[in-house]
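Reading through the structure tokens given below for one structure.
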Amino acid sequence: MKKVVKFGGSSLASAEQFKKVGEIIRADEGRRYVIPSAPGKRFNEDIKVTDMLYQCYALAQEGKNFDKELMAIKTRYDEIISGLELNLSLDEEFEIIKRNFHELAGSDYAASRGEYLNGIVMANYLGYEFIDAADYIFFHDDGTYNPVKTEEILGIKLDETERAVIPGFYGSYDDGRVKTFSRGGSDVTGSIVAAAAKVDMYENWTDVSGFLIADPRIIHNPKTIKSITYKELRELAYMGATVLHEDAIFPVRKEGIPINIKNTNKPEDEGTMIVESTCRSSEYTITGIAGKKGFVSINIEKDMMNSEIGFGRKVLEAFEKHGISFEHMPSGIDTMTIFVHQPEFEGKEQQVLADIHRLAHPDSIDIESDLALIAVVGRGMKAAKGTAGRIFSALAHARINVKMIDQGSSELNIIIGVKNCDFEGAIKSIYDIFVETQL
């Protein structure tokens, strides 16, 4: 089985962590292409190398001396190299970085050097070929990823390369300038390499043993999700679950390549398998729970709304005009409710309301703020009877008032709206009834 393996910053923060990673890679001959992140935090108060690079480049932009800050970054790498007993010097690389910082090569260039340097160290440690992502991953002039050029050129390179290290997080424009993905972009690089190399598995190694059914900051020691589909993951990631960069799903999904989320510090753990589809039933009716605070609902009433052609379009035009996207739009015969992010709406609320009146002529508009949305996601809900009833029962028992409930036609998820102050309690109640007691 041919695999791409990506390791996060916490997995590569020190020489000790590098050794764990080395053991993991060498334990499976199929782990042929390695995607490293920049060194992360070694302890809670530590600073990630990427953040150190941003700070260093900021000084360069201000025309200030940054020798001390750049030396601190070099020391981090020298400690790793020394701990691994490698015959490797990054002196020349740091001279190039220093020169490019003085020439203001760009913040993307600065941020990418953490992965670039870690890739050199990793390739040297494993005895693998080093492939600079800037030479094989490409962006359009508008900053969007260029999949056609990347897949063609990277695919050819990987076909002729048995084992390689490709740094995560960045690529380049056609003119050679470095361009980064958003934070968490090493996940995306791993997915791109997996698709280009046509591998059988993309292993994403991090500091947790897969996806958890609920946020561990809310639920003490929540259960791990053993298997999850791309669609379920998309729903949970959209509502705040952040183990994997959500853009990393698309390249491998197109190729039907499964992703396995694994724990570098507990490699024996099964982790979570992310697949397109599966005949395996979920251990529980639900797969996961996720949510966000900070929404506002705009409830619009008008008699005979249902028979007025174009009413919904007119209402949404008022939001579009002011650059506000909506999250959910449950409706009744004479009512329509729009859920939007409160911070986006607050500064424009009166203009939006005026435009709704002007465009749609509603009978009344009512606003409720400080709301939270919770997504209960699971492929098993389609076959289970009374899922919504169980959610209502759990929330009623916890004395939590439901402001909104919305179920998609796929029956894959149910969205519940509650007050911000009831957010944690609602998640605990739902988790308890579906996972702990399984009533």
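Which ones in the stretch 315-343 are among the charged types (D, E, K, R) and out of contact with any His (no Cβ under 9 Å at 6 or more places or on another chain)? Reasoning before the result, please.
As a first pass, look at the stretch 315-343 and keep what is among the charged types (D, E, K, R): 317, 320-321, 327, 334.
Scanning the stretch 315-343 gives Glu317, Glu320, Lys321, Asp334.
The conditions are (1) touching a Phe, Trp or Tyr at 6+ places or on another chain (Cβ under 9 Å); (2) hydrophobic (A, V, I, L, M, F, W, C); (3) in contact (Cβ under 8 Å) with a residue 40 or more places away in the chain, and Ile153 fails exactly one of them. Which is it?
Ile153 satisfies every listed condition except (3).
From the list Ala388, Ala360, which one is of a type in the set (A, V, I, L, M), touching a strand residue (DSSP E or B) at 6+ places or on another chain (Cβ under 8 Å) and under 29 Å from Ile274 (Cα atoms)?
Criteria check complete, one pass: Ala388.
Which one of Ala60, Ala38 is open to solvent by less than 50 Å² (accessible area, probe 1.4 Å), touching a helix residue (DSSP H, G or I) at 6+ places or on another chain (Cβ under 8 Å) and part of a helix (DSSP H, G or I)? Full working, then the answer.
Numbers: Ala38 fails: part of a helix (DSSP H, G or I).
The match here is Ala60.
For the stretch 327-354, which positions are small (Gly, Ala, Ser) and under 29 Å from the mean Cα position of the chain (by Cα)?
Applying the first criterion (small (Gly, Ala, Ser)) to the stretch 327-354 yields 331-332, 347, 354.
Across the stretch 327-354, the qualifying residue is only Gly347.
Here's a check for you: in the stretch 290-320, which residue that is in contact with an Asp or Glu (Cβ under 6 Å, 6 or more places away or on another chain) and part of a loop (DSSP other than H, G, I, E, B) is nearest to Glu235 (Cα to Cα)? First the steps, then the outcome.
Step one: filter the stretch 290-320 for residues in contact with an Asp or Glu (Cβ under 6 Å, 6 or more places away or on another chain), giving 297, 299, 301-303, 305, 318.
Checking which are part of a loop (DSSP other than H, G, I, E, B) leaves us with 302-303.
Working: Lys302: 32, Asp303: 34 Å.
Here the residue is Lys302.
Assess whether Val243 counts as being hydrophobic (A, V, I, L, M, F, W, C), under 24 Å from Ala375 (Cβ atoms) and part of a loop (DSSP other than H, G, I, E, B). Walk me through it before giving the result.
Numbers: hydrophobic (A, V, I, L, M, F, W, C): yes; under 24 Å from Ala375 (Cβ atoms): yes; part of a loop (DSSP other than H, G, I, E, B): yes.
Considered against the rule, which asks whether it is hydrophobic (A, V, I, L, M, F, W, C), under 24 Å from Ala375 (Cβ atoms) and part of a loop (DSSP other than H, G, I, E, B), Val243 comes out as yes.
Could you go through the stretch 420-432 and let me know if any residue there is without any contact (Cβ under 8 Å) to a residue 12 or more places away in the chain and open to solvent by 20 Å² or more (accessible area, probe 1.4 Å).
Initially, the stretch 420-432 is screened for residues without any contact (Cβ under 8 Å) to a residue 12 or more places away in the chain, giving none.
No.
Return yes or no: is Lys419 farther than 20 Å from Asp215 by Cβ and basic (Lys, Arg)? It would help to see each step written out before you state the result.
On the way: farther than 20 Å from Asp215 by Cβ: no; basic (Lys, Arg): yes.
So Lys419 fails the test.
Residue by residue, here is whether (1) surrounded by 24 or more Cβ atoms within 10 Å (Cβ to Cβ); (2) under 18 Å from Ile249 (Cα atoms) holds:
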residue	(1), (2)
Pro167	yes, no
Ser182	no, yes
Ile192	yes, yes
Asn204	yes, yes
Ser209	no, no
His220	no, no
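Of the numbered conditions (1) open to solvent by less than 70 Å² (accessible area, probe 1.4 Å); (2) farther than 19 Å from Lys266 by Cα; (3) hydroxyl-bearing (Ser, Thr, Tyr), Tyr54 satisfies every one except a single condition; which is it?
Condition not satisfied by Tyr54: (1).
Outside any loop (DSSP other than H, G, I, E, B), surrounded by fewer than 21 Cβ atoms within 10 Å (Cβ to Cβ), out of contact with any helix residue (DSSP H, G or I) (no Cβ under 6 Å at 6 or more places or on another chain) and modelled with pLDDT of 95 or more: is that true of Glu69 in this structure?
Details: outside any loop (DSSP other than H, G, I, E, B): yes; surrounded by fewer than 21 Cβ atoms within 10 Å (Cβ to Cβ): yes; out of contact with any helix residue (DSSP H, G or I) (no Cβ under 6 Å at 6 or more places or on another chain): no; modelled with pLDDT of 95 or more: yes.
For Glu69, the condition - outside any loop (DSSP other than H, G, I, E, B), surrounded by fewer than 21 Cβ atoms within 10 Å (Cβ to Cβ), out of contact with any helix residue (DSSP H, G or I) (no Cβ under 6 Å at 6 or more places or on another chain) and modelled with pLDDT of 95 or more - is not met.
Six or more apart or on different chains, Cβ atoms under 9 Å: show the pairs whose first residue is in the stretch 353-364 and in contact (Cβ under 8 Å) with a residue 24 or more places away in the chain and farther than 15 Å from Glu308 by Cα and whose second is polar (S, T, N, Q) and not in a helix (DSSP H, G or I).
Qualifying pairs under 9 Å: Ser364/Asn299.
Can you tell me which residue among Met305, Met329 is touching a strand residue (DSSP E or B) at 6+ places or on another chain (Cβ under 8 Å) and over 17 Å from Asp406 (Cα atoms)? Before the answer, list the steps.
Numbers: Met329 fails: over 17 Å from Asp406 (Cα atoms).
On inspection, the qualifying residue turns out to be Met305.
Limited to the stretch 246-285, what total is found for residues that are of a type in the set (S, T, N, Q), closer than 24 Å to Ile25 by Cβ and open to solvent by 50 Å² or more (accessible area, probe 1.4 Å)? First the steps, then the outcome.
Of all residues in the stretch 246-285, those of a type in the set (S, T, N, Q) come to 260, 263-265, 272, 277-278, 281-282, 285.
Adding the requirement that they be closer than 24 Å to Ile25 by Cβ leaves 260, 263-265, 272.
Subset that is open to solvent by 50 Å² or more (accessible area, probe 1.4 Å): 265.
Counting residues in the stretch 246-285 that are of a type in the set (S, T, N, Q), closer than 24 Å to Ile25 by Cβ and open to solvent by 50 Å² or more (accessible area, probe 1.4 Å) gives 1.
The values are calculated or read from the model by the stated rules, or taken from the named source; none is laboratory data. Only a predicted model underlies this, so the values are computations on that prediction, with no experimental measurement involved. Note that we place each Cβ from the backbone using ideal geometry, even for glycine, and neighbour counts take in every protein chain shown. Accessible surface is based on the protein model in full, side chains and every heavy atom, while ligands, DNA and RNA are left aside. Shrake-Rupley method; radii C 1.70, N 1.55, O 1.52, S 1.80 Å.
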